[in-house]
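A short worksheet on the structure shown next.
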Amino acid sequence: MKYFYTILIFIFTWVNLNAQNIDSSASVIKIWSIENSWIGTKSEVIDTLPTGYQNYMPIRSEFLGVLGNNGSATYPLTFSIPNEETPFFFVPYKIYYNADRNKFYNTRTPYTRIDFAAGTSKEKGEQYVNVLHTQNVNPYLNVSLRANGHNSTGYYLHQENRNNSFRISTNYIKEKYKLHAFYNFEKYKLTENGGILRDDFITDSLYQPENLNVRLNSAKNTIAFREAYIHQAITLIGKTDSIDSVTAKHTSFLELHHTGRYQWFKKHYTDKLGNFYNSIFIDSIATNDSSHTETLFQNIALVLTENNPLKTAFLLGVNYDQRSYYFYYSDTLLNSFGLQASVFKHNDSLFSGYFNVEQWLSGYLKGNSKYDGQLLYKLLIPKDTITLTFNAGYWTRHPDYYQNRFYSNNFKWENNFSNSNYSTTSLALDDKRFNMGFLANFNTVKNYIYFDTLALPKQQTNTIKIMSGEVYKNFKIGRHICFNNRAIIQQTSNDSLLRLPMYVGVHSLFYQFRIFKKVLKVQVGAEVYYFTKYFAPKYIPATSQFAIQNERQTGNYPFVDAFINLNWKRARIFVKFEHANYSLVLVDYFMSPHYPMPPRNLKFGISWNFYN
C-alpha cells in the first residue's frame, strides 16, 4: 500500500499547485463506455453525488454474497448468464475489475479523481486507494491512468486480502479513424482460512472473532489477470468529423472495424495439507497448484453505417479465437473460426436497438452460437421521460475447459459435458421524473453445470427456468427525508441445484439537508442489506468455486449500516458504522456457511475531483 500512498500524496500536491482556479462546470470532461460496434457507446457521468457513496465496494449494488472480508471471493445472489470469456477460477473475482473496464474520456483540462477509504481498527484495518488521472494530448487524443490498491486484514484469523490493479487507456478520434484501447493488470493475494471451525460459536455464543479457530491455517491463493483491448474503425467511404465518441457526427458511409482482445489468467494455490480436503493426488505434505489460461480474440468487420436511406447500420464480420490452457502436466492450444452479422441503430434520440448473430463454424468452439437483441424507446411526456427496454437472447455455449478436465493436488475430473443452452427475455421500464423502474426477467438454462456437495462439476440435462422481478423506487418525503429502495424477487424451477434466495433487497432511509450557507450537503441515515434464508453455497479455496451444501441455511439477517455522507463542491466524505446491529438481536450473521461477516466497525472515506 505504500506505493499507492506515494501516488496519492504526489498527485494531491501536483493538483493543488496546478489547479488554483477551480471551474465547477462538469462539462470539462466527457465519459463513455464501449464494448463493441453493435451495442455502441454509452454516455457516462462523473459521480459526485453523496447518495450511496459509503458503499465503495460493489457488493450491494450487484447483489453479491461475500466471505466476511472485502476483496474476497464473491458469489451472486441472483441469476445471470455467465461470461464465456472468463475461466471458472476467476469468476468469483471479476466484479472487482468490471467497474471501469471499458470507460474512456475526453477532457478540456487535466482531470484527477482520488478515492480513499479506511477502517479505524489498527489490528483489523482496511485501506482502499483509487487514483484516476486523464487528460487530452490534443483535441483528438486522450490518455488516462488508473491505479488501485486494496488491503483488508479481516476480523478473523488468516483472512487478509491484498488486491492491486493498474489500467492505462487511450482513445483517438479524428477524421476517418477512431481508436479505443486499454491495458489492464490485476493481482489478488488472498489468505484462505476455509471458514471458522464451528458456526455455533457465533450463533450460540459471543466469542471474539480473533479467538475463533479456522479450518485452514496456511492456505493462500494468488490470482493474476492481464487484459489488452483495442477497437478501431477506419472510414472507407465518406468522412467522420468528431472530437469524441459520444457527440460524434458521422458522415461516413462504409467503415472497416477491428476488435482485438487478449486475456491472461493465472491461479496459484498453496497449502500445507491437513484434513480439509477429502482427496490427495500428488503431494501428501504440501499443495502447490498452478493453472493459467490465455485467450486471443480477433474480429474484422465491414460496417455500413446509419448514414444510408434506411438509417440503420449493418455489420458483417469474421471472428477468430485462440486459447491455451495449462494445469499441472497438461498444456493445450485451441483455435476457432466463426461469422457474425449485426443490425443496429444508435443515432435516433428516441429509438435505438440492435440484433446480433454469432456462429462458430470450426475448431474448439464449433457449435457455439449467440442470438441477442435489444429495443429501446424513450417516451417524452411533459416534465418526464420514460424509457422502455426489451431484451431477448439465445446462447449455445461450450463448457468451460476446466469444467471438463482438471487435475490438482486435491481435485481431479475428466468430463465430456454437452453444450449449455441459455435463453433470456426481459422488459424494463425507467421513469425519470418519479425516480422508479422495474425489470421483469425470464431465463432458461439447459445442461446446467454446477458443483455438487463433493465440490465436483456435474451437469443437469433438464431445462431449468428462472423468473425474477426487480424494482427500484426512491421516495422523497417533504424536502429532507429520502427512502431509497431496490429489490428483486426470484424463483427457480429446480431449487435443489440452482439455489437462489427468494428476495434480495437494499433499502436506505436518510435525512438530507444543507449547512454553511447551503454549500455543504449532509445525509444522515441507515441502510439495510437483506436476503431471505436459503442454502447458500460453500466455498472451496483450492478451486475458487462455490459448491452446493445441505448443512445449513444462511440469510434472514439484516445487515444494517449507519452512515453520514457529506458533499462539498467536488469532494465527498463518508463515515459509517458498518454492521451497526451486530449482536443486538440476531447473531446468525453469515452470508456463506462458516464465513461470518465482520462485527460492528467504523469506516470513513473521501473522494475528490480535481480539474482547472
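The values are calculated or read from the model by the stated rules, or taken from the named source; none is laboratory data. Quantities reported herein were computed from a predicted structural model and do not represent experimental measurements. Note: ideal-geometry Cβ built from the backbone for every residue, glycine included; neighbour counts use all protein chains shown. For accessibility, only protein heavy atoms count, side chains too; no ligands or nucleic acids. Shrake-Rupley method; radii C 1.70, N 1.55, O 1.52, S 1.80 Å.
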| message | For the pairs LYS176/LYS345; LYS476/LYS569; LYS370/LYS538; LYS432/LYS603, flag any whose C-alpha to C-alpha distance is greater than 29 Å. | response | LYS370/LYS538; LYS432/LYS603
| So, with a 1.4 angstrom probe, what is the percent of accessible area on the range 127-207 that is carbon and sulfur? | 57
| Hey, what number do you get for the chain at 222 nm if only DSSP H runs of n ≥ 4 count, each worth -39500 (n - 2.57), divided across all residues, to the nearest 500? | -1000 deg cm²/dmol
| Given the chain, longest segment not containing exposed loop GluC sites (Glu not before Pro) (DSSP; at most 11 other Cβ within 10 Å) | 124-550
| field | Computed FRET value (nearest 0.05) for ALA341 with LEU454, which takes r as the C-beta separation and R₀ as 51 Å | value | 0.75
| said: Based on the alpha carbons, how large is the Rg to Rh ratio for the range 454-535 when Rh follows Kirkwood? | reply: 1.24
| said: Output wanted: per-residue J couplings in Hz (rounded whole) for the range 256-269, from phi through Karplus 6.51 cos²θ - 1.76 cosθ + 1.60, θ = phi - 60°, x for Gly and Pro. | reply: 10, 10, 9, 10, x, 9, 10, 10, 9, 10, 9, 10, 10, 10
| What whole-number value in cubic angstrom gives the convex hull volume per residue for the C-alpha atoms of the chain? | 160
| message | Just to confirm, what accessible area per residue do you get for the range 62-151 at 1.4 Å probe, in whole Å²? | response | 33
| Karplus 3J(HN,Hα) series, Hz, for the range 546-556 with 6.51 cos²θ - 1.76 cosθ + 1.60 (x for Gly, Pro) | 10, 10, 5, 9, 10, 6, 7, 9, 10, x, 6
| said: Cα atoms only: what Rg and Dmax, in Å, come out for the range 519-561? | reply: 17.0, 54
| Name the residues of the range 588-612 whose amide N is less than 12 Å from a point 7 angstrom out from the Cα of ASP47 along the C-beta direction? | 607
| task | Mind scanning LYS30/LYS521; LYS266/LYS458; LYS266/LYS576; LYS187/LYS473; LYS30/LYS366 and naming the pairs with a C-alpha gap bigger than 32 Å? | result | LYS266/LYS576; LYS187/LYS473; LYS30/LYS366
| task | Starting from the Cα of LYS174, draw a straight line to each of the aspartates and glutamates and keep only those under 13 Å, dropping any in the same chain fewer than 8 residues away. | result | ASP241, ASP244
| said: For LYS267, give me every one of the aspartates and glutamates with a C-alpha distance below 18 angstrom, ignoring sequence neighbours fewer than eight places off in its own chain. | reply: GLU84, GLU85, GLU160, GLU186, GLU192, GLU227, ASP289, GLU294, ASP331, ASP400
| query | Farthest toward the dipole's positive end in the chain, which of GLN553, ASN221, SER508, given Cβ charges of +1 (Lys, Arg) and -1 (Asp, Glu) about the Cα centre? | reply | SER508
| task | In nm, give the distance between the simple-model label positions of ILE234 and THR203, each being 7 Å from the Cα along the Cα-to-Cβ direction. | result | 6.4
| task | Quick one: which residues, 5 or more positions from ASN368 or on another chain, have an amide H under 5 Å from its amide H? H modelled 1.01 Å from N in the peptide plane, none for Pro or chain starts. | result | TRP360
| remark: Against the 2.2 N^0.38 Å rule of thumb, the C-alpha Rg of the range 389-450 sits at a ratio of 1.74
